[in-house]
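**Student:** Encoded as structure tokens, here's the structure I'll be asking about.
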Amino acid sequence: MNDRETERKRRRDMKRVRVDAARDMRDVQRLDSAFIVPNSEIQLSEGGIVADRDEFGVYAELIFRNLSDEALKSLKLRFDFYYYQNIPYLSTYFEYSGKDITFGKIKNGEKEIKKPYSRTEIKNGETFGEGVYIPMPESPYTRLGIYICGLAFCSGRALECEISLCGKGIAFSELDEVTKRILKGQKQFIRNEAVFPTKNVPQFSENGWLCCCGYKNRADSDACEKCLRGRDLQRSLISEPALIEQKQALASQPTAVLYHDKSRFAQNKYLQNRADREKRENEIKRSQENLRRQEEEKRKRESHWLKRSFVVYCVFVGMFFLIVLFCALVDGGRDSENFWWMFHRIAEGDKSLFEFFGFGD
């Protein structure tokens, strides 16, 4: 590729970047990114399916973070589309690279890097992919598979892999009540709950670790870069194995039945004999009967009011037509021609009837 072709390609890429920056997007579906992708140095921070409000196109927007010690040169993705089958009917590819200007917005933590389109690499700890919209097919699909199929680093190391980005983490809302109680009982995390609430159970791997606030950190980070919670403290207190161990220890205690036995909250715990239970059942039946009777009376009142309104309306309409007929007989006299001429003008909506009836000048 000569210099002229390279310049044309860059102009086309910059035009695409400007068009994407001007799009008005809305969220269609957010992808679950609260998990650590195993055996991957590039982690998915967040992402989802978005749609253009003006052109009605559907796109995928994925944001990645480089947790490798090396600078990333390119990342290749594969999208598999399924329609009620285990074999994809369509597969598409997309590559993030500096030469194609597809890195999008580049951030180091919360700080955005200026002039990201001149960057040809992603350094350690930086995020990329925001503002890059990958076109999705118009044909319907029931399941979407996203895979990392190629990595290239600036050091010359290249990997051909098959890493799925369709995992699922353990959200805090999905935990049982006992585990939530254990998690909320850790005083080390209460002070940060107001600003950075617990969203998921933390996960750890050799390439990085997921904090309970949902932020993905490098493997050598002793504390979360977002909420400052300690890595080792989370591993020992609220990781999945630690929570299972604490739950088992709690269940072995004699008072553990209070966490599971909900019979103490029953409404009939003081009804010890049959007479009390029957009395309570009769009271409930009387209450239901009174409620039905009140609803029936209300319905009858509404029906009676509608009937009276209809009768009054009919009376007024009848009086109006009688008055019109009387005026016609008085002013029209025996002249049948004038009589029918008056009704013809009324049918046509003539507004000068006052002159016909003698009320004009």
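**Student:** Using the Cα centre of segment 113-154 as origin and beta-carbon charges of +1 (Lys, Arg) and -1 (Asp, Glu), tell me which of ASN124, LEU151, MET136 is placed farthest towards the positive end of the dipole.
**Tutor:** It is ASN124, whose Cα lies furthest towards the positive end.
**Student:** Further question: If the only charges are +1 at each Lys and Arg Cβ and -1 at each Asp and Glu Cβ, what is the size of the charge dipole of segment 1-112 around the Cα centre, to the nearest 20 debye?
**Tutor:** Approximately 480 debye in magnitude.
**Student:** On to the next question. If you count, for each residue, the other Cβ atoms within 10 Å and average over each peptide, how do 215-224, 109-118, 232-241 line up from highest to lowest?
**Tutor:** Ranking the peptides 215-224, 109-118, 232-241 by packing returns 215-224, 232-241, 109-118.
**Student:** Now for a different question. Note down the nm distance, to one decimal, between modelled labels 7 Å out along Cα→Cβ at PHE326 and at LYS114.
**Tutor:** Label-label distance for PHE326 and LYS114, simple model: 9.0 nm.
**Student:** Using the Karplus equation 6.51 cos²θ - 1.76 cosθ + 1.60 (θ = phi - 60°), what ³J(HN,Hα) coupling, rounded to whole Hz, does each residue of segment 108-115 give in order, writing x for Gly and Pro?
**Tutor:** 10, x, 9, 8, 8, 6, 6, 6
**Student:** Around GLU126, which amide H atoms from residues at least 5 apart in sequence, or from another chain, sit under 5 Å from its own amide H, with H modelled in the peptide plane?
**Tutor:** It is ASN66, by chain and number.
**Student:** Right, another one. Run through segment 52-92 and list the GluC sites (Glu not before Pro) located in a DSSP loop whose Cβ has at most 12 other Cβ atoms within 10 Å.
**Tutor:** GLU55
**Student:** Looking at segment 1-76, which chymotrypsin sites (Phe, Trp or Tyr not before Pro) are in a loop (DSSP not H, G, I, E or B) and have at most 14 other Cβ atoms within 10 Å?
**Tutor:** In loop regions of segment 1-76 (DSSP not H, G, I, E or B), the sparsely surrounded chymotrypsin sites (Phe, Trp or Tyr not before Pro) are PHE56.
**Student:** Sticking with this structure for a sec: Tell me, what ³J(HN,Hα) does each residue in segment 303-318 have, in order and in whole Hz, if you take phi through Karplus 6.51 cos²θ - 1.76 cosθ + 1.60 with θ = phi - 60° and put x for Gly and Pro?
**Tutor:** So the Karplus estimates, Gly and Pro as x, are 5, 5, 5, 5, 5, 5, 4, 5, 5, 5, 4, 5, 5, 5, 5, x Hz.
**Student:** Among the GluC sites (Glu not before Pro) in segment 121-171, which ones are in a DSSP loop with at most 10 other Cβ atoms within 10 Å of the Cβ? Mind listing them?
**Tutor:** GLU138, GLU160, GLU162
**Student:** Right, another one. What is the sum of charges, Lys and Arg at +1 and Asp and Glu at -1, for the other residues whose Cβ falls under 11 Å from the Cβ of GLY150?
**Tutor:** 0
**Student:** Whole-Hz Karplus ³J(HN,Hα) for segment 159-164, in order, using 6.51 cos²θ - 1.76 cosθ + 1.60 and θ = phi - 60°, x for Gly and Pro?
**Tutor:** In residue order, the calculated couplings are 10, 10, 9, 9, 10, 7 Hz.
**Student:** Let me know the number of lysine pairs in segment 3-164 closer than 13 Å at the Cα, not counting same-chain pairs under 8 apart.
**Tutor:** Value for segment 3-164: 7.
**Student:** Next question. Name the long-range amide H neighbours of LYS99: under 5 Å, sequence gap of 5 or more, or other chain; modelled H, no Pro or chain starts.
**Tutor:** The answer is none.
**Student:** If amide hydrogens are placed 1.01 Å from N in the peptide plane, which non-local residues have theirs closer than 5 Å to the one on PHE204?
**Tutor:** LEU210
**Student:** A follow-up question, please. How much length is gained on full extension from ASP100 to LEU159, taking 0.36 nm per residue of separation minus their Cα-Cα distance?
**Tutor:** Gain on extension, ASP100 to LEU159, equals 19.3 nm.
Any read-out appearing in this document is the output of simple, stated calculations on the displayed coordinates, not a laboratory observation. Since the model is a prediction, treat every value here as computed from it, not as a measurement. When we count neighbours, we look across all protein chains shown, and the Cβ atoms used for this are built from the backbone with ideal geometry, even at glycine.
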